[in-house]
Structure formats: C-alpha cells, structure tokens
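Any read-out appearing in this document is the output of simple, stated calculations on the displayed coordinates, not a laboratory observation. These figures come from a predicted structure and were not determined experimentally. Neighbour counts are summed over all protein chains in view; Cβ atoms, including those assigned to glycine, are modelled from backbone coordinates with ideal geometry.
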Amino acid sequence: MSDLNSLYQEVILDHSKRPRNFHAIENADHRANGSNPLCGDKVIIYLHLVGDRIEDISFQGSGCAISTASASILTETLKGKTRKEAQVLFEAFHKLVTGQPMDSAGGPPLGKLAVFSGVSEFPVRVKCASLAWHTLRSALDNSAAVASTE
C-alpha cells in the first residue's frame, strides 16, 4: 500500500472513531434526515445559516466508518461556506467518489475530502460516502423528505 493510501485510511479511521461536530445544534434553522437502507447508515444534518453562509453545521447518526468520516469531514469543510460554495464542493466530491473526470480547471480544492478518492473503486461504498452530502442538500432546501442514496 502506498504511503498516501495509508495516510488516507488513517484520516478516515480517525474521523470515524472521533467524529468532529457530532452533536445537534440547538438553534439549527435547517435540518434533514438521511438514510441508506442498503447498509443501514443513518444521518441527521443540522445547519445554522446566517444569510447565505453556513455559520454552523453538525451531524448525528450511525453508520459505517466511511459514512461517519464523510459526515465529519463534510462539517469541517463546509463551516463558513456559502450555499453556492457548498454546491460546488458537492459536485466536486460526487465526481471524486464516482470516478468521474474532474473539470479541466481543476475545480475547488478538496482538502481532506481527497481521502475519499479510493471510494470510486468500490461502488457500494459510494453511497456510504455520499449520504451526508445528499442529506446536506436536503437540509439546505428545507426538504422534509428523507434523503437517500438509492
């Protein structure tokens, strides 16, 4: 295994065992539930927006290491971002985990999200990695429907 792959695995395990922003936000003005019925992952995304900016973001739920790590890194990455920036990152992340080519301009810097680059080799795991992101979109839209990767 390459050093980079080893580092990526360590980051995923760290965020899975010690998820960041794992709590409910009392003053959340947006919230959505997500579920991956195939493997049992469940997530709730909480948002507090000020204008168009994500002032605070957190999650709760249960799931596999990839699902939990993805939600944890999502919250770290999106805190302080605008809705538009969140949408651009969603699209770039989705391309990354599904193995689609990135834009010729390179797209936004993915930072820690790059640890999920190997997920595209395991199609079943794409749903685990993307559940929190689909749930985020529902939260931003104030959708009452349960977000799903199915």
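Some observations on this one:
- Tail beyond 14 Å, pair distance distribution of region 96-150 (Cα, percent): 61 percent
- Here the scattering of region 64-139 is modelled by Debye summation over its C-alpha atoms, one equal scatterer each and no solvent; at q = 0.16 Å⁻¹ the log10 of I(q)/I(0) is -0.51.
- Acute angle (nearest 10 degrees) that the helix 3-17 long axis makes with the longest principal axis of the chain, alpha-carbon atoms: 30 degrees
- Most mobile of Gly107, Gly99, Gly118 in a GNM of the chain (Cα contacts under 10 Å): Gly107
- Overall, region 3-145 carries a charge dipole of about 160 debye about its Cα centre when +1 sits on the Cβ of Lys and Arg and -1 on the Cβ of Asp and Glu, all other atoms neutral.
- Listed peptides 10-16, 120-126, 30-36, 74-80 appear in the order 30-36, 74-80, 10-16, 120-126 once ranked by packing, highest mean of other Cβ atoms within 10 Å at the front.
- Rounded tilt (10° steps) of 65-78 against the dominant C-alpha axis of the chain: 60 degrees
- Note: relative contact order over region 3-145, using C-alpha pairs below 8 Å and six or more positions apart, is 28 percent.
- GNM result for the chain, Cα springs below 10 Å: residue of Val50, Val119, Val97 fluctuating most strongly: Val50
- Nearest 10 degrees, 0 to 90: helix 123-140 Cα axis against the chain principal axis: 20 degrees
- Orientation-averaged projection of region 3-145 equals 8.3 nm² [convex hull of Cα atoms, one quarter of hull surface area].
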